[in-house]
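What follows draws every value from the coordinates through simple rules; no lab data is involved. Treat the numbers as computed from the prediction; the structure is a model and nothing was measured. Every residue, glycine as well, gets a Cβ built from its backbone with ideal geometry; the counts of neighbours run over all protein chains shown.
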């Protein structure tokens with residue numbers, strides 16, 4: 001499915017752009033030229049137990065990403081992170097680690113984590129698993145699978161640029177047309193992840209945590225900024 005036209009990021013103001021702003025604006029222009037896809041299927045979410053102790057429970061709680069995550073800079077936009085299988089979901093939050101010989105092992109002591117089944121139907125998704133899309137954006141698969149946490153801390157302390165993946169997430173969000181980003185996992189070789197921007201969901205989109213008992217059932221409501 002080819003992308004519909006989006007809108008150019010605002011260029012209001014006469015102050016010169018810093019290198020990160022210029023990079024984000026350039027990425028946003030390229031994203032507007034990239035095709036988008038619809039993602040529909042059953043995915044997984046690894047959620048901290050503390051979010052399930054809320055009243056009501058929130059297995060789709062995503063505002064923790066405001067602290068910063070792979071495709072969401074600290075301060076926002078916030079995103080809900082999902083994975084294509086339980087191993088990838090747990091590996092992404094480092095509850096599971098993979099050794100040199102491919103063996104999975106626990107990362108050690110950690111707070112309780114629950115894996116939830118999530119049905120997602122999201123249109124207008126930027127697919128970074130597609131080499132053609134990466135070529136439009138002029139980025140490599142290796143570049144988007146590199147570490148982001150240390151570079152983010154360096155960026156926040158003024159010692160480096162914003163991590164590339166956070167630049168991509170911010171650029172995708174400011175175009176106004178991207179509801180999610182599909183991307184290769186950096187923790188699991190064959191894993192695929194999806195980050196969903198709740199404030200970019202269309203009325204026909206749906207993200208729903210499944211629980212036959214109803215206890216952990218939740219629908220992600222579109223949030224308008």
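The shape of the stretch 182-225 can be summarised by an equivalent ellipsoid whose semi-axes, obtained from the alpha carbon gyration tensor, come to 23, 18, 8 Å from longest to shortest. Note on residue 221 and residue 143: the extension gain reaches 24.8 nm, defined as 0.36 nm multiplied by sequence separation minus the Cα-Cα distance. For the listed peptides 144-154, 117-127, a ranking on the average number of other beta carbons within 10 Å per residue, highest first, reads 117-127, 144-154. Please work out the Kirkwood hydrodynamic radius for the stretch 19-214, using every pair of different C-alpha atoms, and report it in angstroms with one decimal place. Evaluated on the stretch 19-214, it is 17.2 Å. Report the residues of the stretch 67-83 in range of a label on residue 50: point 7 Å along Cα→C-beta, backbone N strictly under 19 Å from it. Only 67-70, 74-76, 78-81 fall inside the zone, counting backbone N under 19 Å. Rounded to 0.05, the FRET efficiency of the residue 135 and residue 40 pair, given R0 = 25 Å and the Cβ-Cβ distance, is 0.50.
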